[in-house]
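Q: The structure follows.
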Amino acid sequence: MFGLILKDFYNIRKQAVWYAAMIVLFCVLTAAVRNVAYGMSMAVLVSVSVPLTATAYEEKDGWQKFVIASGMDTRTIVIEKYLLGLLVSLVGAAAYLIAFLISEGYVSGWIYFVAPVCLQCVALSVVLPLVFKFGVEKARTYMIIIVVAFMVIAVGLMGLWKSDINPIAKRDWILSLSFSAVAAVALLLSLYLSIKIYRHKEF
Amino acid sequence: MNKAEIKDLSKHYEKFDVESVSFAVPSGAVVGLIGENGAGKSTVIKSMLGIVQPDGGQIWFDGKVLGQMSRSDRQKISFVLDDTGLPMELDLAMLDKVMRNVYAGWHSERFRELIGRFQLPEGKLLKEFSKGMKMKAAIAVALSRDSELLILDEPTDGLDPVVRDEILGMLYDYNRQEGHAVLISSHNTADLEKLCDYIVYLHRGRVIFAEEKDALLQKFAIYSLDDVQVREIDRDAVVKVCKREYGTDVLAIKEKMPESFEYSKATLDDIMLFYAKGEDLCSD
């Protein structure tokens, strides 16, 4: 597993600099204009882009054949991509947390932090099975549609959240837990599906 | 004892089938897999490496069924793929670190030694290597881990004679170690004639023959015959015929042909050519 992750980090090392710069830039924007949507959008985008880019390199190089021929278990190969996505999500979440604290987003509720982090996981859960099933080229198109849809949903939810008429606005922790549960279930279901897809894949 | 054995392997694609492929790779032997483009060589090799799932048949390594082998058993099979499969954005030092964490029996010292022997540039990314250097890097990876069987898919394809000779030398050295075996597919039958103990010929997804190389080259011969001679010969002796302007070239089983007929030795290339382009001899 470590070998696979290491290979991915080596492969994407040049792009990683750009991704990091984008995260920082958007988090600074978040803090400056006190609008969490900027940081959140970028975090979601990066968390799915990195595993996608890593898989694109694998497809180009024929690494998927190599690693299967090396006797690597299908589950390990699939889990590695989820782990990569989650690691990137963690970095994005950490940067977003700083921006969130600086912009005093917690005054409105911690759900503004939890929801985007969970959204990263849900986006990852949707995109990775598509990547394993259709390959990066097709999955990239689907990803753009999905990320835009997710951002629209997120912004809409946040608008609803701010509304005074929403009676559950005061129950911050219930929603945070619910979002986390949804993200965890989505990840597990997605992982199960991806393993099934990959097991039948041929290169 | 066979290092690998394939029995009745079949794989069906929309426009191509591999059907009932059976052969063995004996311990201590080099087996050459020959056949024209699209004959099914890569499908057979990919099936052996678990990259494609066969529709039928069985594959054994050291008596163990491929699908039931543990990761450590699978790692005893080393391989070189036609496109190498190595991550091209890495340099050799990075590759060494990655492989150290992929293979349990990885030897960094051996890898560094092979890099030196192959004169591979250490500072460059793999994508900046020439085709020959990429193949050498793939071979260095394959030989730097503990393995007992080496499977190579077109390792010398498109390489110059000097590089090819170096690679064949490495394979020869590998095979001399006790309990090792090599399966190599190649278009370059001249290379295989030098290296192999056994030849498996695949034609349109089927095994035409799987025989000991020396016996095979002894068995067949090429005869240039006129029409009268063609009528005289035993039909069972004839494998394939090619009509020429000057007469008929016949690939035949030497011992069944009249001793008085002149013949030339059949090379693996000749045999492949006759099977691919030749016709059956009509009985009329």
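The values are calculated or read from the model by the stated rules, or taken from the named source; none is laboratory data. Nothing here was measured: the structure is a model prediction, and the numbers come from that model. Cβ sites come from the backbone with ideal geometry, for glycine too, and all protein chains shown count toward neighbours.
Q: Within the set of pairs 6 or more residues apart or between chains, which connect a residue that is without any contact (Cβ under 8 Å) to a residue 12 or more places away in the chain inside the stretch B:79-104 to a residue that is outside any helix (DSSP H, G or I) with Cβ atoms less than 8 Å apart?
A: Every condition considered, the pairs that remain are B:83/A:62; B:98/B:87; B:98/B:90; B:100/B:106; B:102/A:70; B:102/A:72.
Q: Another one. Kindly indicate the residue of the stretch B:156-188 that is closer than 16 Å to residue B:267 by Cα and surrounded by 20 or more Cβ atoms within 10 Å (Cβ to Cβ) and also modelled with the highest pLDDT among those meeting that condition.
A: Checked the stretch B:156-188; the qualifying residue modelled with the highest pLDDT is B:186.
Per-residue answers, yes or no, for (1) polar (S, T, N, Q); (2) in a strand (DSSP E or B); (3) out of contact with any strand residue (DSSP E or B) (no Cβ under 6 Å at 6 or more places or on another chain):
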residue	(1), (2), (3)
B:15	no, no, yes
B:36	no, no, yes
B:43	yes, no, no
B:53	yes, no, yes
B:87	no, no, yes
B:101	yes, no, yes
B:104	no, no, yes
B:112	no, no, yes
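Q: I'd like the full set of residues that are at the interface with chain B (Cβ under 7 Å from one of its Cβ atoms) and more than 14 Å from residue B:141 (Cβ to Cβ), limited to the stretch A:55-71.
A: A:57, A:68, A:71
Q: Scan the stretch B:258-275 residue by residue and report those that are surrounded by 15 or more Cβ atoms within 10 Å (Cβ to Cβ) and either in a helix (DSSP H, G or I) or under 30 Å from the mean Cα position of the chain (by Cα) (or both).
A: Once the filter is applied, which keeps residues that are surrounded by 15 or more Cβ atoms within 10 Å (Cβ to Cβ) and either in a helix (DSSP H, G or I) or under 30 Å from the mean Cα position of the chain (by Cα) (or both), the stretch B:258-275 yields B:263, B:266, B:267, B:268, B:269, B:270, B:271, B:272, B:273, B:274, B:275.
Q: Shifting gears a bit: For the structure I just gave you, tell me whether residue B:67 is assigned to a helix (DSSP H, G or I), without any contact (Cβ under 8 Å) to a residue 24 or more places away in the chain, within 14 Å of another protein chain (Cβ to nearest Cβ) and surrounded by fewer than 18 Cβ atoms within 10 Å (Cβ to Cβ).
A: Yes.
Q: Report, by residue number, each residue of the stretch B:165-190 that is more than 18 Å from residue B:24 (Cα to Cα) and either in contact with a helix residue (DSSP H, G or I) (Cβ under 6 Å, 6 or more places away or on another chain) or not charged (D, E, K, R) (or both).
A: Those that are more than 18 Å from residue B:24 (Cα to Cα) and either in contact with a helix residue (DSSP H, G or I) (Cβ under 6 Å, 6 or more places away or on another chain) or not charged (D, E, K, R) (or both): B:167, B:168, B:169, B:170, B:171, B:172, B:174, B:177, B:187, B:188, B:189, B:190.
Q: All but one of (1) out of contact with any helix residue (DSSP H, G or I) (no Cβ under 9 Å at 6 or more places or on another chain); (2) not aromatic (Phe, Trp, Tyr); (3) not in a helix (DSSP H, G or I) hold for residue B:93; which doesn't?
A: (3)
Q: Output the number of residues of the stretch B:101-111 satisfying the condition of being touching a helix residue (DSSP H, G or I) at 6+ places or on another chain (Cβ under 8 Å) and more than 12 Å from residue B:141 (Cβ to Cβ).
A: 2
Q: Mind checking which residues of the stretch B:31-64 are touching a residue at least 40 places away in the same chain (Cβ under 8 Å) and among the hydrophobic types (A, V, I, L, M, F, W, C)?
A: Hits for the stretch B:31-64 are B:31, B:33, B:34, B:39, B:44, B:45, B:48, B:49, B:52, B:59, B:60, B:61.
Q: Are there any pairs, at least 6 apart or on different chains, whose C-beta atoms fall under 8 Å, with the first in the stretch A:1-12 and facing chain B (nearest Cβ under 7 Å) and the second of a type in the set (Lys, Arg), and if so, which?
A: Listed by first residue and then by second, the contacts come to A:3/B:100; A:6/B:97.
Q: Could you tell me which numbered condition residue B:22 fails, if it satisfies all but one of (1) hydroxyl-bearing (Ser, Thr, Tyr); (2) within 29 Å of residue B:102 (Cα to Cα); (3) in contact (Cβ under 8 Å) with a residue 60 or more places away in the chain?
A: All conditions pass for residue B:22, except number (2).
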